[in-house]
Ligand SMILES: Cc1cc2nc3c(=O)[nH]c(=O)nc-3n(C[C@H](O)[C@H](O)[C@H](O)COP(=O)(O)OP(=O)(O)OC[C@H]3O[C@@H](n4cnc5c(N)ncnc54)[C@H](O)[C@@H]3O)c2cc1C
């Protein structure tokens with residue numbers, strides 16, 4: 001070990017590992033310290049229920065990962081990362097047994113909304129589809145880490161994206177398009193009326209049309225394992241089973257990069273009240289199922305989709321989100337579900353399936369949402385319960401115990417609402433720096449926020465190497 005490292009990274013989630021890789025690629029010496037015995041943070045895969053059933057306790061579906069400018073610039077395929085695409089990225093079923101779909105094809109998606117909204121949808125996404133690579137890079141580098149390459153398209157996206165999604169949804173005349181779009185916004189647990197929630201829905205829709213919503217072969221652990229293997233090849237070192245409690249626990253380094261919550265960072269690095277205004281938000285109740293066969297969805301589109309959203313109207317979805325954000329567990333939760341073994345048979349014994357589902361619940365809620373979740377699934381897939389071989393449930397307390405970043409079970413490491421959706425962990429042009437000149441933050445508490453995309457780590461690394469080179 002050199003006497004003084006260039007950088008130490010605390011936390012081996014996708015952002016911490018990406019930050020470490022970005023620094024190591026540029027010739028800096030880097031060591032990563034992770035509290036748990038395995039790398040991955042929210043990108044991990046475990047046999048949670050029965051032998052041979054490989055579940056993703058956290059992230060499962062990766063529209064943002066597959067399209068991530070940071071991941072695309074790394075040779076992760078050489079380290080085992082392979083994206084598997086379901087026939088349909090997403091289906092959104094209705095009580096009458098039909099479904100709208102979010103397909104790779106804009107035309108197929110628009111057609112599934114019905115004639116009255118098809119044109120509106122095409123006009124909404126068309127200006128961005130062909131420019132998505134550049135737009136995604138510009139959007140995910142906000143607020144400052146790179147100058148926009150296409151400022152005009154970014155500005156236009158701002159006009160469409162900054163208003164609340166409830167405004168944008170008024171462009172649609174029927175409930176199918178509205179509910180599907182509301183469901184997209186709900187992926188970041190943002191109440192539908194919040195600032196810039198239109199951008200959230202658009203990002204997920206555009207990601208589907210341009211890169212799909214794939215899952216990594218073997219589960220989301222493969223993303224973290226590929227990043228860690230690449231890092232080691234670049235000379236980086238990863239220590240696991242090492243919970244960092246104080247800066248003094250770490251070897252001397254020119255920079256310390258925290259893939260942690262702002263609260264933990266302030267405590268560990270002695271930053272006092274630096275982030276006292278940072279808010280943590282609602283949580284989820286997560287169930288991982290081992291099934292005897294595929295989910296018996298009434299709508300055939302749902303049987304072909306990697307992700308299935310469950311919430312038949314935008315009103316029902318909005319109510320569920322508002323209740324969870326306001327402190328009450330919804331009796332009719334909005335659900336995001338995923339079916340990894342449809343595309344990846346290695347995830348379950350032959351003929352069997354893993355199935356992933358969560359609904360939103362309040363911060364730190366300690367109840368059991370299993371029954372409400374299964375009533376919702378049965379509503380669209382009669383006979384579902386008969387296929388359940390085993391289930392592993394995790395509410396806010398279990399999620400918080402699983403990962404120190406999920407304070408009160410908040411899987412976004414900070415409420416993704418209000419100004420904090422975009423400007424996190426505080427309102428500043430330099431979100432990755434702290435008042436300590438050698439201490440940086442790179443977790444999803446920084447822009448562009450939650451999701452396995454590594455872009456917070458990428459942007460933070462840029463801030464670090466600029467500082468190191470200037471020193
Ligand atoms: C149930 C659930 C479902 C999700 N679904 C999706 C999905 O389908 N698609 C998607 O893109 N995203 C999804 N996410 C979100 C995604 O997992 C996170 O946004 C992402 O993992 C954030 O990455 P990160 O590197 O910032 O933090 P994390 O992945 O949380 O990693 C932080 C790491 O730091 C470690 N750490 C924390 N404190 C310390 C310390 N003091 N010392 C040492 N190590 C420490 C933790 O153990 C952890 O390994 C989901 C999350 C959950 C929980």
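Bear in mind that the values in this text are calculations on the coordinates, not laboratory data. In this text the structure is predicted, and so the values were computed from the model without any measurement. Here the Cβ is made from the backbone with ideal geometry for all residues, glycine too, and neighbour counts use every protein chain on show.
What order do you get for 411-420, 392-401, 114-123 when each peptide is scored by the mean count of other beta carbon atoms within 10 Å, highest first?
Sorting 411-420, 392-401, 114-123 by mean packing, highest first, produces 411-420, 392-401, 114-123.
Defining a contact as two alpha carbons under 8 Å apart and six or more residues distant in sequence, what relative contact order in percent does the range 1-42 show?
49
If you line up the long axis of helix 14-25 against the longest principal axis of the chain, both from Cα atoms, how many degrees apart are they, to the nearest 10?
Orientation of helix 14-25: about 40 degrees from the principal axis.
State the Kirkwood hydrodynamic radius of the range 93-191 in Å, one decimal place, computed from all pairs of distinct Cα atoms.
That comes to 14.8 Å for the range 93-191.
Equivalent-ellipsoid semi-axes (√(5λ), Cα gyration tensor) for the range 229-288, whole Å, largest first?
They are 26, 21, 10 Å, listed largest first.
Grab the alpha carbons of the range 283-418, take their convex hull, and tell me the volume per residue in Å³.
Dividing the Cα hull volume of the range 283-418 by its residue count gives 114 Å³.
As a test of the formula, what do you get for the chain when each DSSP H run with n ≥ 4 contributes -39,500 (n - 2.57) and the sum is divided by the residue count, at 222 nm and rounded to the nearest 500 deg cm²/dmol?
-10000 deg cm²/dmol
Tell me the Rg and the Dmax, in Å, that the Cα atoms of the range 1-158 produce.
Calculated on Cα positions, Rg and Dmax stand at 20.3, 67 Å.
Give the residues of the range 62-94 whose amide nitrogen is closer than 18 Å to a point set 7 Å from the Cα of residue 104 in the direction of its Cβ.
Answer for the range 62-94: 62-68, 82-91.
Go through 361-374, 295-308 and give me the packing order, highest mean Cβ count within 10 Å leading.
Those peptides, ordered most packed to least, come out 295-308, 361-374.
Between the helical axis of 314-326 and the dominant principal axis of the chain, each derived from Cα atoms, what acute angle in degrees is found, rounded to the nearest 10?
Value to nearest ten degrees: 40.
So if we plug the beta-carbon distance of residue 38 and residue 130 into 1/(1 + (r/R0)^6) with R0 = 35 Å, what FRET efficiency do we get, rounded to 0.05?
0.30
Taking neighbour counts of Cβ atoms within 10 Å as a proxy for exposure, in what order, fewest first, do 74, 455 appear?
Ranked by crowding around the Cβ, least crowded first: 74, 455.
Can you pull the percent of Cα pairs in the range 98-150 with separation above 15 Å?
In whole percent, the share of Cα-Cα pairs in the range 98-150 beyond 15 Å is 56.
Return the distance in nm (one decimal) between the two label points of a simple spin-label model at residue 246 and residue 232, each offset 7 Å from Cα along Cα→Cβ.
Each label point is offset 7 Å from its Cα along the Cβ direction, giving 3.2 nm.
Calculate, axis by axis, the spread of Cα positions in the range 355-444 along the three principal axes, and write the results as whole Å, longest axis first.
57, 25, 21
List 275, 432 from most exposed to least, where exposure is judged by having the fewest other Cβ atoms within 10 Å.
In increasing order of surrounding Cβ atoms, one gets 275, 432.
With the radius of gyration and the Kirkwood radius both derived from the Cα set of the range 17-96, what is their ratio Rg to Rh?
1.05
For the chain, just the Cα set please: Rg and Dmax, both in angstrom.
Both quantities, over Cα of the chain: 21.1, 67 Å.
For a quick protection proxy, order the peptides 252-261, 167-176 by their average other-Cβ count within 10 Å, most packed first.
The packing order, highest mean first, is 252-261, 167-176.
Measure nothing but the geometry: give the 0 to 90° angle between the long axis through the Cα atoms of 370-380 and the longest principal axis through the Cα atoms of the chain, rounded to 10°.
Here the helix axis deviates by roughly 50 degrees.
With the calculation restricted to Cα positions, what are the radius of gyration and Dmax of the range 329-384 in angstrom?
13.3, 38
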